[in-house]
Amino acid sequence: MSTCVFCAIVEGTAPSRIVYRDDAVIGFLDIRPVTRGHTLIVPREHSSGLADLEPDVGARLFAAGQRLAAAMKSCALSADGVNLVVNDGRAAFQTVFHTHLHVVPRHDGDKLSFAKGLVVRRDNDPDTTAEILRSALEGDPR
């Protein structure tokens, strides 16, 4: 039995708000989002960090990140930009040791609200946010 919370999400034994899935990766809303729509994309196979991430799975992780970033810009979240971030190792602020890509929607002029989001880390309506992203991804022809 795994003690990795992201493995449990992949297995469907831990709660999550899934917004994306394919045969290599799964994407779900961060439970402590910096901004509304902040999503984590993880490989289905456990990888504790970049050193043990298969390069082809890493490519799939970033391809899903690109797709989700485009959806964030075209849907009701109306992102003007997106941060794609991988924290690799404790010194880089990795707290869950299952490789994951943060996809964080950004808006022009959001520096103060972004900084506040780093402290508050809350979405008041994550179910609606998840539905917005799922709908936008379904409409993506890729």
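The values are calculated or read from the model by the stated rules, or taken from the named source; none is laboratory data. All of these numbers come straight from a predicted model, not from anything done at the bench. Glycine gets a Cβ as well: all are built from the backbone with ideal geometry, and neighbour counts include every protein chain shown.
Please find, among GLU11, GLU45, the residue that is on the phi < 0 side of the Ramachandran plot, at pLDDT 95 or above and in contact with an Asp or Glu (Cβ under 9 Å, 6 or more places away or on another chain).
The conditions single out GLU45.
Output the number of residues of segment 8-25 satisfying the condition of being among the hydrophobic types (A, V, I, L, M, F, W, C), farther than 20 Å from THR129 by Cβ and not in a loop (DSSP other than H, G, I, E, B).
The qualifying residues number 2.
Does HIS46 fit the bill of being within 13 Å of the chain's Cα centre (by Cα) and surrounded by 15 or more Cβ atoms within 10 Å (Cβ to Cβ)?
no
Look at segment 74-110 and say how many of its residues are more than 16 Å from ASP123 (Cα to Cα), in contact with a strand residue (DSSP E or B) (Cβ under 7 Å, 6 or more places away or on another chain) and assigned to a loop (DSSP other than H, G, I, E, B).
Here the count works out to 5.
Restricting to segment 95-125, give me the number of residues that are at pLDDT 95 or above and surrounded by 10 or more Cβ atoms within 10 Å (Cβ to Cβ).
Summing the residues that are at pLDDT 95 or above and surrounded by 10 or more Cβ atoms within 10 Å (Cβ to Cβ) in segment 95-125 gives 12.
If a residue must be in contact with a Ser or Thr (Cβ under 9 Å, 6 or more places away or on another chain) and either modelled with pLDDT under 95 or not hydrophobic (A, V, I, L, M, F, W, C) (or both), how many such residues does segment 14-30 contain?
Of the residues in segment 14-30, 4 are in contact with a Ser or Thr (Cβ under 9 Å, 6 or more places away or on another chain) and either modelled with pLDDT under 95 or not hydrophobic (A, V, I, L, M, F, W, C) (or both).
When you check ALA64 against the structure, is it hydrophobic (A, V, I, L, M, F, W, C), more than 12 Å from the chain's Cα centre (by Cα) and surrounded by 15 or more Cβ atoms within 10 Å (Cβ to Cβ), yes or no?
no
Select from segment 70-94 the residues that are among the aliphatic types (A, V, I, L, M) and surrounded by fewer than 21 Cβ atoms within 10 Å (Cβ to Cβ) and write down the one among them that is farthest from ILE26 (Cα to Cα).
Checked segment 70-94; the qualifying residue farthest from ILE26 (Cα to Cα) is ALA91.
If you take the residues in segment 31-68 that are in contact with a Ser or Thr (Cβ under 9 Å, 6 or more places away or on another chain) and in a helix (DSSP H, G or I), which one is nearest to GLY139 (Cα to Cα)?
Of everything passing the filter in segment 31-68, LEU68 is nearest to GLY139 (Cα to Cα).
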